[in-house]
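Okay, so here's the structure we're looking at.
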Amino acid sequence: MEEPLIPVGLMSHTAHIRSHRKPRRSSASTTALRAGVATGVLSTLAVAAAAGTANASDAETTQTLALPALTADLTATIAQSAAATQQTAADYQLQAERDSAAAQAAKQAKADLAEAKQKAEAKRKAEAEAKRKAAAERATRSTERVTLTSTSASSGSSVSAPSSGSVATVIGFLKSQLGDAYVLGATGPNAWDCSSLVQAAFKQVGVDLPRVSQDQSMQGTDIPLSQIQVGDILYWGGKGSAYHVGVYIGNGQYLDAANPSKGVVIQDLSGYPASGAVRVL
């Protein structure tokens, strides 16, 4: 289609100047252009989104793979730390118990040592006192026996008689049993056998003798029959195998639990001489 002609005289004085405006594109071109741009943008966004999704998927996969391993390592580390802490605490407690036990043992040992020293000192004093008493008793027995000179037709020897003290106590006890019965195995107070009577008499002064004649003949100091004194133990039979015992009371006489027919009596040595004698006082 041709453009209409404008008469020259009617043209504007600016008509010869080329318009500065850009010619408009047709609407179809613009639409197509816009559609292309939009499509490109959308494609770019789709690619970016796909890439982002892929990256996110990879990250998630990596995280999914990494987290269990990390969690396992952390759990193991925590468990090891807890075990180490518990073991350390147990070690401290054990050491504390050992220290306490050692301190207690040392304290007990110290107390035991002190007690042992006290007992040793007490024993030493007791032994010293026993020795002192024994010496005093020996001295007392020496003064208790008063030598009496007599011309006995039966023995013609000197005899001794008690004046006081332990020997006198033994003789006094024996005489107080005169007339009691003889019963084998009896131990008093109204019936005796020979060895139980002797044992009971010396027990009055703190001398513990064995129960039977054989053992009593082994006690004290052996004394020749020519030197016997009041209070000496006489025995019949062999030493260590004696079958009878009695106590010398002076003047050639002894007191014993003789037999079931006689009981406790005083007898003369001349009628039944002893085999030996021992002195325990």
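The values are calculated or read from the model by the stated rules, or taken from the named source; none is laboratory data. Note that this is a predicted model, so its numbers are computed, not measured. Every residue, glycine as well, gets a Cβ built from its backbone with ideal geometry; the counts of neighbours run over all protein chains shown.
Kindly list, by first and then second residue, each pair from a residue in region 91-113 that is touching a residue at least 24 places away in the same chain (Cβ under 8 Å) and among the small types (Gly, Ala, Ser) to a residue that is surrounded by 10 or more Cβ atoms within 10 Å (Cβ to Cβ) and assigned to a helix (DSSP H, G or I), limited to pairs with Cβ atoms under 7 Å and residues at least 6 apart or on different chains.
Nothing qualifies.
In region 240-254, what residues are without any contact (Cβ under 8 Å) to a residue 60 or more places away in the chain and in a loop (DSSP other than H, G, I, E, B)?
Gly240, Ser241, Ala242, Tyr243
Using the structure shown, decide if Ile266 is touching a strand residue (DSSP E or B) at 6+ places or on another chain (Cβ under 6 Å) and closer than 24 Å to Ala130 by Cβ. Break it down stepwise before answering.
Details: touching a strand residue (DSSP E or B) at 6+ places or on another chain (Cβ under 6 Å): yes; closer than 24 Å to Ala130 by Cβ: no.
Answer is no for this residue.
From the list Tyr254, Tyr243, Tyr272, pick out the single residue that is under 21 Å from Thr169 (Cα atoms) and over 47 Å from the mean Cα position of the chain (by Cα). Let's see the steps before the verdict.
Numbers: Tyr243 fails: under 21 Å from Thr169 (Cα atoms); Tyr272 fails: under 21 Å from Thr169 (Cα atoms).
None of the other options fit; the residue is Tyr254.
Give me the strands (runs of 3 or more DSSP E) completely within region 128-239, filtered to those with at least 3 residues that are within 19 Å of Val278 (Cβ to Cβ) and at pLDDT 65 or above, ordered by residue number.
On the way: elements: 145-148, 159-162, 221-223, 233-236.
Of the strands (runs of 3 or more DSSP E) lying wholly inside region 128-239, those with at least 3 residues that are within 19 Å of Val278 (Cβ to Cβ) and at pLDDT 65 or above span 221-223, 233-236.
What do you reckon, is Asp232 surrounded by 16 or more Cβ atoms within 10 Å (Cβ to Cβ) and acidic (Asp, Glu)?
Working: surrounded by 16 or more Cβ atoms within 10 Å (Cβ to Cβ): yes; acidic (Asp, Glu): yes.
Yes; evaluated as a whole, the condition is true for this residue.
In the list Ala191, Ala186, which residue meets the criterion of being farther than 18 Å from Ala242 by Cα, in the same structural domain as Gly240 (by TED's automatic domain parsing), hydrophobic (A, V, I, L, M, F, W, C) and buried (at least 19 other Cβ atoms within 10 Å of the Cβ)? If you could, list the steps in order and put the result at the bottom.
Details: Ala186 fails: buried (at least 19 other Cβ atoms within 10 Å of the Cβ).
Being farther than 18 Å from Ala242 by Cα, in the same structural domain as Gly240 (by TED's automatic domain parsing), hydrophobic (A, V, I, L, M, F, W, C) and buried (at least 19 other Cβ atoms within 10 Å of the Cβ) holds for just one of Ala191, Ala186, which is Ala191.
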